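To start, the structure under review is shown below, and the notes come after it.
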Amino acid sequence: MDIKRVPKKRVMWQDIKPASAPVKPVETQQPIIKPKKTARIKSLFKFPAFKKIKIRLPKITRKTAIISLIVIIVVIGGGIYYAINSGLFKPTNNVSNTDNQSTDTSTPVLEHGTPGYTTISPTDKKVNDLGGWTRISPPDSDPVFAYSDKIGNIGINVSEQLLPEDFKTDTDRQIELLSQGFKASEKITVNGIIVHIGTSAKGPQSVIFTKNNLLILIKSNAPISSDQWVKYISAMQ
């Protein structure tokens, strides 16, 4: 019996197929730190609901308001009357003395007297006949004396004092500065003396000049003409 030999098939590398392995499903990896669930915080305190409170004020009539006002005035007036009469507001001795002193210094009493320096006045008049000299300066200051007179029907006050030391040098300039304070912008010349005249809006005048080593200030109650001033000042000797 003849036995047929089957020739062995030569295996090529292309014919080799890898064995199929079972595929595992991909597992999802959990995070290492799990997030905490957000918890809802409930209020621990419960506030009661507020209700609108309506306040009803009593209606005040005009008559009631007037009566109430009168009562208040009477009460306050009675309290003040009682306080005054009971001596609550009575000043102490120290306060009253201070008040008396301030009253005395605010209203000094002008005294008649005789200047201790040589004065001048119109040659046709005597000061004693015009009422005499009156000291118008405080006792602790340089003496200034004055007398009253008239030019025509207009009253004037004439004050005289010794020329201050700081006026003895550059006298005209010092008189000029002084006259500016009285707004004496008008100038007239009387026997070589410069006279400064100032007229206010209401009429009175201020006259400033120096003569015989005296500082002289004359005030008038109304305007006076320059000719009348020249005549009066010329007569002052």
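The values are calculated or read from the model by the stated rules, or taken from the named source; none is laboratory data. Quantities reported herein were computed from a predicted structural model and do not represent experimental measurements. With ideal geometry, Cβ positions are generated from the backbone for all residues, glycine too; neighbour counts draw on all protein chains shown.
From the list Gln174, Gln228, Gln161, Gln237, which one is in contact with a helix residue (DSSP H, G or I) (Cβ under 6 Å, 6 or more places away or on another chain) and not hydrophobic (A, V, I, L, M, F, W, C)?
Gln174
Just checking, how many residues over the range 107-122 are over 20 Å from Ser220 (Cβ atoms) and touching a residue at least 12 places away in the same chain (Cβ under 8 Å)?
Number satisfying all stated conditions: 9.
Test Ser137 against the criterion of being surrounded by 10 or more Cβ atoms within 10 Å (Cβ to Cβ), over 16 Å from Thr199 (Cα atoms), assigned by TED's automatic domain parsing to the domain that holds Gly116 and hydroxyl-bearing (Ser, Thr, Tyr), and give yes or no.
yes
Residue by residue, here is whether (1) free of Cβ contacts under 8 Å to residues at least 40 places away in the same chain; (2) surrounded by 14 or more Cβ atoms within 10 Å (Cβ to Cβ) holds:
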| residue | (1), (2) |
| --- | --- |
| Asp124 | no, no |
| Trp133 | yes, yes |
| Ala146 | yes, yes |
| Ile154 | no, yes |
| Leu163 | no, yes |
| Gln180 | yes, no |
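Just one of (1) modelled with pLDDT under 95; (2) loosely packed, with under 11 Cβ neighbours inside 10 Å; (3) in the same structural domain as Lys231 (by TED's automatic domain parsing); (4) not β-branched (Val, Ile, Thr) trips up Asp104, so point out which.
For Asp104, the exception is condition (3).
Tell me whether the range 107-126 contains one or more residues that are at pLDDT below 95, farther than 13 Å from Leu214 by Cβ and not in a loop (DSSP other than H, G, I, E, B).
Yes: the range 107-126 contains one or more residues that are at pLDDT below 95, farther than 13 Å from Leu214 by Cβ and not in a loop (DSSP other than H, G, I, E, B).
How many residues are over 17 Å from Gln180 (Cβ atoms), over 40 Å from the mean Cα position of the chain (by Cα) and either surrounded by 13 or more Cβ atoms within 10 Å (Cβ to Cβ) or not assigned by TED's automatic domain parsing to the domain that holds Gly155 (or both) if we restrict to the range 190-211?
Selection size over the range 190-211: 3.
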